[in-house]
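Derivation of every value follows stated rules applied to the coordinates shown; laboratory data play no part. The structure displayed is predicted, hence computed values, not measured ones. All Cβ positions, glycine included, derive from the backbone under ideal geometry; neighbour counts span all protein chains shown.
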Amino acid sequence: MLNKKVSIYVPSTMHDTAAPENIVNYYVNDTLKRLSVMFGGATAQVVRGTWYSKELDKLISEDITICYSYCENYNRDDLVSICENLKTVFQQESISLELSDSGLMFV
């Protein structure tokens, strides 16, 4: 039984401006591929999200792609590594990683 769910939130902005669509698509597909290799498959869902940038002192609103997989077990460090890479590429203050058995964390 696949009783755990891992979700990585891929942003569509670089810092506070829209990222090029080809960059967003590349990293959504890359995240889906990584999750599929780890867990056998993955799903992506586009949602609208907001976050408050302390650095810029403003609310950022953007489309976010939630890439997720169901699994029996996972290596948290591997998932954090994916998030750290996204954080660098998209110049984000953090990337959301949701683990069904331990909640939401900001990497």
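A few points about this structure:
- Separation of segment 38-78 and segment 1-28, taken as the distance between their Cα centroids, equals 6 angstrom.
- Mean Cβ neighbour count within 10 Å, used as a protection proxy, ranking 15-24, 34-43 highest first: 34-43, 15-24
- The HN-Hα couplings worked out from phi for segment 20-35 by the Karplus form 6.51 cos²θ - 1.76 cosθ + 1.60 (θ = phi - 60°) are x, 4, 5, 5, 4, 4, 4, 6, 5, 5, 5, 5, 4, 5, 4, 5 Hz, whole numbers, x standing for Gly and Pro.
- With neighbours defined as other Cβ atoms within 10 Å of a residue's Cβ, the residues SER53, SER102 order from fewest to most as SER102, SER53.
- The string of couplings for segment 86-103 from the Karplus curve (6.51, -1.76, 1.60, θ = phi - 60°) is 4, 4, 5, 4, 8, 6, 9, 6, 6, 10, 7, 10, 10, 10, 4, 9, 9, x Hz, one whole number per residue in order, with x for Gly and Pro.
- Rounded, prolate or oblate (a/c below 1.5 giving rounded, otherwise prolate when a/b exceeds b/c) for the chain by Cα gyration tensor: prolate
- Protection proxy ranking of 72-81, 59-68, by the mean of other Cβ atoms within 10 Å over each peptide's residues and highest first, is 59-68, 72-81.
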